[in-house]
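Worksheet for the structure shown next.
The values are calculated or read from the model by the stated rules, or taken from the named source; none is laboratory data. What you see is a predicted model; the values in this text were computed from it and never measured. Neighbour counts run over all protein chains shown; Cβ positions are idealised from the backbone, glycine included. Keep in mind that these areas ignore ligands, DNA and RNA; they rest on the heavy atoms of the full protein, side chains included. Shrake-Rupley method; radii C 1.70, N 1.55, O 1.52, S 1.80 Å.
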Amino acid sequence: MAEKDQEKIFIEAVERKSYGHIYFIITLIGLAMTLWAFWDEVITRRPWKKYQKEFNRFELARAEAELKQAQAKLNTPEYKELEKKLAEAEKDFNSRKGSYRDALRRLKEAKIKLFEVSQEQQFLKSEADEAFYWYSKALHENDKDVLIRKHELDKLEAKVKEMQPEIDKRQSEVAAIEKEIEGIKGNLENLQAEKRKYTTDIEQIRRKIEGIKARPIEIKQIVVEKSLLTNFGNHVDRAERCMTCHVAIDRVGFEDADIPQPFRTHPKRQEIFGRHPIERFGCTLCHAGQGAALTVEQAHNGEQQVKAVHDKDRPIKINHNTEFWSRPLFLGENVQIGCRKCHEIDRGLEEAPRLTQGRRNFEELGCHGCHLVKGYENYPKVGPDLTRVGDKVTADWMFQWIKNPRTFRVETRMPNFLLSDENVEAIVAYLMNVTRGKYLAQAPGQKTENEGTGGQGNGSFSPSLPSYSAVPVALSKNYQPSPERGKELVQSIGCLGCHVIGEGTEVKDEQGNPIKIVPQVDDNGVIRVSVPRKTGRKFGPDLSGIGSKTNFQWLVRWLKDPKSYDPKTPMPNFRLSDEQAQDIAAYLMTLKWDGESKILGLEEKIKDPALIEKGAKLIRNYGCFGCHTIPGMEKEQRIGAELTTFGNKWIAQMSFGNATHIPETWWDWTINKLRNPRIYATEREILRMPNFGLLDEDIKAIAMFLKSLTGEEREIPDYIYKPDPIKMALIQGRELVRQYNCIGCHIIENKGGAIRAFYKPQELNMAPPLLEAGELHEGEKVRHDWLSNFLKNPVPIRPWLKVRMPTFGFSDEEVATLVSYFSVLAKKRFPYELPKEPFLLPNMIQAGARLASSDYLNCFNCHQQGDKKPEGPPEGWAPDLAMATGRLNPDWIVKWIKDPQKIQPGTKMPMFFPDENSGPDDILEGNEEQQILALRDYVLSLGSIPTGKISLAPVKSPEEK
Amino acid sequence: MTKLFTFLFTLIGLISFLGTSAWAYEAIEVTNGGTITGTVKFAGEPPERPMIEPSKDKEVCKPHPASNLIVSKETKGIQYAVAYLADIQKGKPQEKPAENPKFDQKGCEYLPHVLIFPAGSTVDILNSDGILHNVHTFSQANPPINKAQPKFKKVLQEKVEYPEVINVKCDVHTWMNAYWVVTGHPYYAATDENGNFKLENVPPGNYKLGVWHETLGTVTQDVVVKEKEETKVNVEMAPK
């Protein structure tokens, strides 16, 4: 019983107990969760919706305002007037509808008739053509039928002619009816079109408004095909959703600065989207960032952190979701970083000036000497070859130089290794020991020990240059070199195109303005300057103070043949006579450095074998061979870290040492490293990178270039820029022009010509010629075969000039590149185009000869004629016309004679044919066009086009003869 | 920043105003005009005129004394200086000469050495030498020309539109040198061999008298012109 009772009670209790409130609470929670899920899904996790709605509102408001404006136009008196006129015109037209229809019908008939007769005539013409063929055939074959054929032909031609009046009549009929129709319509059509303008405007705006209203709020995405390399080595597509918020990025009309972001049009839409359509390239290929992200933080973070660090007003905000995103967004100037991965091939990319500046700094400072970067494996070393340096400089000078290079030459790129005196002594000891007696201390003709193995043996010597041992070392005893003559030569033969010489810090830039370099000395004693671009007059080293650095003998030999000392030097051969070289050397030796001092007992010390051994160790340690060729160090490898993917380096991989004050970002690490390369050194970690004494501008540029080194190139092979042959010729040509500093003397692409600042305006025709300026195009002016020969082997065109084109020892490939470059700049057909040789008629040559004679244009008053020099001073002389045949393009001669001032403003060549009455009447019937052609033909008949191979014999300058 | 802009705009405005006002010469009828007569003298010992020895075409080009500085031994007067009223706003109309100004090339020398003519004139460039010359002008306001004048071309006509001083040279005979003074108003006069000049019918008032010479530069001095009176001025020029 008790058991039963208990069971009963239990059942009752279970049945009676209410669980309603629990269910209720659970239901509430469930509901809340559902609501929360909805809310989260719809609102918090869709922040982009807000932007799209805002943009739609913005655009709608704008469209409505436009609509109002358009509608307001309907109330203007002009529109009312138009409507009135239109109504009148319509009424008028309706009243004459009958005659209009009639005219239309008549027009149709007249056109058919016209077609019929002209068709008939066309057939007759064809028959006449056939008859003509038979006739001329008979004529050529002396056929007996020739007269019959002629008769047939004449008959047909007469028929064709006969039909002409009929056709003319029909044509005028058609024209008359057309005019009649015009008259009936009046200006009805014009008025209608004008009215349509008003209404279509409104219609369009209305449609636009409807479009905006119906526009769905949705994620917008583009697929950037094959732009991601997976770990399995295949390229996959990637989605980008940036334009979900940046709705108007590719739309015209949202450029104004007062339009709030993210709604503004891309500021460089015009320049960039044309060649990089957004549907194909997306955004992050250039800008980086997280393209698939849909929140502001996730898409942009990274760059904003950096900005926050540098922009003190903004708090540092690190989003932990994206802190380690390896490709943070680039903003502002940093966008240029993105250009490199595809445009690697265009080293001088002008569209990305800061990146290009950074790259030039990287190359010119020789960073690749110590740091391996893909693409720079075989890039030449930036420093001079030290194989024979012991015969060039004194140990004292070398000591002072290595200790602090900028005390001798303030703008040098040689860095400061911050070495102790003892260490510098050791390096001097090693270098002097291995390089002395390799250049000067042997008799003429005697072979040196390194001649077979050194620079000469490796094939980099041009066969056209006198061989190493052919240069006399024993200087002529009976010649007294004159510094004055040397100075005159230095100032006149062209040295100043590449060097600043003896001008102190009063250097002139290309516009002739002095630039005074004010070095800043920082706390570590490092002299900081803005590193000049290696171009123009700053291409070669500043030679002020050279007399304290080197010696007379070395200078003479170097000047005679620079490549005998350093096979890879860009210094060209000026084909100097022994005397000239000695004069110049004598002058340069007078340029002394005021900081020169003797180091006590240095000469003795450096003979110590222990010190020499220490020096070798130090050189290996500091990697001097990264920039210089040093005997005994040929097999050494780069000492620095590889930088090929440095831009991707994680912050966790970067050691900040004891420099805890530096914010832990890539940019801060890199910029501080470049400013003070040993800042992260600790007791355990010895850093060896020297200080380049850079200013912040250059540091930022280099950092940008380093940031671009990501190795992403291999991820996006489809996107790499592949220039067409024309663009390629430009890129390669510009690179060579830069490499040899052609623009130190010549103006090319309207740039350069620094040496011209040394000529008075009237004497500019004595300066090196312009090559690409305004209307003047060297590639149009000269024949490419001539240019090839000239580049290989310059021959004086104006032998009286003091300045001379030196022999650069270009390789065949370099010559071809330069010739293509000038052809492309002249818009000539690529790659080569031989000029069309005019057929020279004897009567034209005769007429030209008469024109050129002293009775008429008197060309030889100024132009040299064979060996006969013109009268008067050389400023008034002009090149031998006989040279034109092999040198100038015939078409260009015509262009030049027509208007020399247009091609080269300020030239002394006058215009002989300014108008239609300027030529003599008794030659070629006074026809100026014919006279110009006759002059051209005459000039072309004077010389001959050289045939055969390019001669490789060294050219002698007039002085040498 | 705004201040700077305001300043700049005012400056630009001022400059353009001055610039235009300098050209805005108003022609009026002058009935009570005075005359300025003067002498331009050389400060110091009169220099010798160096001889120009032609280096080519010697059968035509004869040695002649240089004209870039001619100072009279007796009076120290400088020939071929140009006196003008620098700041005149209104005065007698500038009349086109009845016939074109003549500019000859004779004995490889330009005649006259300084040619004054009103803007808009056409110069008749003669070639009395009968050899090849070229006329090369180094002008700024007018388009520079470099036209050949071979022996068969007896006259070359050249219209010059805008006032300025133009250096004319021949590249064939590098010593040949002359100046065209293209005037914007009629108050210009070249000095004679004794350095005398005369500016007539000048409306009464205060003026700045400028004297320009190709090698000695420009000097200015104040001058007061009274109704129907003659004002005498003496100008001294020294080597630069």
Quickly run through segment A:734-751 and pick out the residues that are under 13 Å from A:Phe810 (Cα atoms) and either out of contact with any strand residue (DSSP E or B) (no Cβ under 9 Å at 6 or more places or on another chain) or not assigned by TED's automatic domain parsing to the domain that holds A:Arg804 (or both).
A:Leu736, A:Gln739, A:Tyr740
For B:Asp129, the lone unmet condition from (1) within 12 Å of chain A (Cβ to nearest Cβ); (2) in a loop (DSSP other than H, G, I, E, B); (3) surrounded by fewer than 18 Cβ atoms within 10 Å (Cβ to Cβ) is (3)
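Taking segment A:701-718 as the search range and keeping residues that are touching a strand residue (DSSP E or B) at 6+ places or on another chain (Cβ under 7 Å) and part of a helix (DSSP H, G or I), which one is least open to solvent (accessible area, probe 1.4 Å)? Before the answer, list the steps.
Going residue by residue through segment A:701-718, those that are touching a strand residue (DSSP E or B) at 6+ places or on another chain (Cβ under 7 Å) are A:714-716, A:718.
Restricting the remaining residues to those that are part of a helix (DSSP H, G or I) gives A:714-715, A:718.
Values: A:Arg714: 162, A:Glu715: 27, A:Asp718: 86 Å².
In this case the residue turns out to be A:Glu715.
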When you go through B:Asn100, B:Asn142 one by one, which is the residue that is more than 14 Å from chain A (Cβ to nearest Cβ), in a loop (DSSP other than H, G, I, E, B), buried (at least 17 other Cβ atoms within 10 Å of the Cβ) and within 17 Å of the chain's Cα centre (by Cα)?
B:Asn100
Check on A:Lys392, within 28 Å of A:Arg359 (Cβ to Cβ) and basic (Lys, Arg)
no
Within segment B:193-222, can you find the residues that are outside any strand (DSSP E or B) and either within 19 Å of B:Val165 (Cα to Cα) or open to solvent by 60 Å² or more (accessible area, probe 1.4 Å) (or both)?
B:Glu193, B:Glu214, B:Thr215, B:Leu216
Considering residues that are open to solvent by less than 70 Å² (accessible area, probe 1.4 Å), within 20 Å of A:Glu377 (Cβ to Cβ) and either assigned to a loop (DSSP other than H, G, I, E, B) or in contact with a strand residue (DSSP E or B) (Cβ under 9 Å, 6 or more places away or on another chain) (or both), the number found within segment A:604-635 is 6
Considering only residues that are open to solvent by less than 20 Å² (accessible area, probe 1.4 Å) and closer than 18 Å to A:Arg734 by Cα, which ones fall in segment A:785-808?
A:Leu787, A:Leu791
So for segment B:176-184 (the condition being closer than 26 Å to B:Pro54 by Cα, open to solvent by less than 60 Å² (accessible area, probe 1.4 Å), assigned to a loop (DSSP other than H, G, I, E, B) and within 14 Å of another protein chain (Cβ to nearest Cβ)), does at least one residue qualify?
yes
Residues being buried (at least 18 other Cβ atoms within 10 Å of the Cβ) and either of a type in the set (Ser, Thr, Tyr) or not assigned by TED's automatic domain parsing to the domain that holds A:Lys438 (or both): count how many of those fall in segment A:393-409.
1
For segment A:562-593, which positions are crowded, with 19+ Cβ neighbours inside 10 Å, assigned to a loop (DSSP other than H, G, I, E, B) and of a type in the set (D, E, K, R)?
A:Asp566, A:Arg575
Could you look through segment A:871-886, keep only residues that are open to solvent by 30 Å² or more (accessible area, probe 1.4 Å) and over 14 Å from A:Phe790 (Cβ atoms), and pick out the one that is farthest from the other protein chains (Cβ to nearest Cβ)?
A:Ala882
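Look at segment A:902-918 and say how many of its residues are more than 9 Å from chain B (Cβ to nearest Cβ) and more than 31 Å from the chain's Cα centre (by Cα). Reasoning before the result, please.
Within segment A:902-918, the first condition is being more than 9 Å from chain B (Cβ to nearest Cβ), and the residues that meet it are A:902-904, A:915-917.
Subsequent filtering for residues that are more than 31 Å from the chain's Cα centre (by Cα) retains A:915-917.
Total meeting the criteria: 3.
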Tell me the residue from A:Ile272, A:Ile259, A:Ile217, A:Ile278 that is among the aliphatic types (A, V, I, L, M), in the same structural domain as A:Val296 (by TED's automatic domain parsing) and either open to solvent by 90 Å² or more (accessible area, probe 1.4 Å) or more than 33 Å from the chain's Cα centre (by Cα) (or both), please.
A:Ile259
Working carefully through the options A:Leu787, A:Leu818, A:Leu851, A:Leu801, find the one that is within 14 Å of chain B (Cβ to nearest Cβ) and either more than 27 Å from A:Lys568 (Cα to Cα) or touching a residue at least 24 places away in the same chain (Cβ under 8 Å) (or both).
A:Leu851
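Select, from A:Asp867, A:Asp891, A:Asp899, the only residue that is acidic (Asp, Glu), surrounded by fewer than 20 Cβ atoms within 10 Å (Cβ to Cβ) and either within 14 Å of chain B (Cβ to nearest Cβ) or on the phi > 0 side of the Ramachandran plot (or both). Please lay out each step first, then the result.
Numbers: A:Asp867 fails: either within 14 Å of chain B (Cβ to nearest Cβ) or on the phi > 0 side of the Ramachandran plot (or both); A:Asp891 fails: either within 14 Å of chain B (Cβ to nearest Cβ) or on the phi > 0 side of the Ramachandran plot (or both).
The conditions single out A:Asp899.
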Any pair with Cβ under 7 angstrom, 6 or more apart, that starts in segment A:70-99 at a residue that is farther than 15 Å from A:Lys197 by Cα and ends at one that is in a loop (DSSP other than H, G, I, E, B) and open to solvent by less than 70 Å² (accessible area, probe 1.4 Å):
A:Ala89/A:Gly186; A:Asp92/A:Gly186; A:Phe93/A:Gly186
Could you tell me whether segment A:364-384 includes any residue that is open to solvent by 30 Å² or more (accessible area, probe 1.4 Å), among the aromatic types (Phe, Trp, Tyr) and either modelled with pLDDT of 95 or more or assigned to a loop (DSSP other than H, G, I, E, B) (or both)?
yes
Name the single residue, out of those in segment B:145-165 being buried (at least 20 other Cβ atoms within 10 Å of the Cβ) and away from chain A (no Cβ under 14 Å), that is nearest to B:Thr215 (Cα to Cα).
B:Pro163
Breaking point among (1) surrounded by fewer than 18 Cβ atoms within 10 Å (Cβ to Cβ); (2) more than 14 Å from chain B (Cβ to nearest Cβ); (3) of a type outside the set (Val, Ile, Thr), for A:Gln732
(1)
Every residue from segment B:68-97 that is closer than 18 Å to B:Val181 by Cα, of a type in the set (S, T, N, Q) and open to solvent by less than 30 Å² (accessible area, probe 1.4 Å)
none
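Condition test on A:Leu674, is it at pLDDT 90 or above, in a helix (DSSP H, G or I) and buried (at least 19 other Cβ atoms within 10 Å of the Cβ)?
On the way: at pLDDT 90 or above: yes; in a helix (DSSP H, G or I): yes; buried (at least 19 other Cβ atoms within 10 Å of the Cβ): yes.
So A:Leu674 fits the description; yes.
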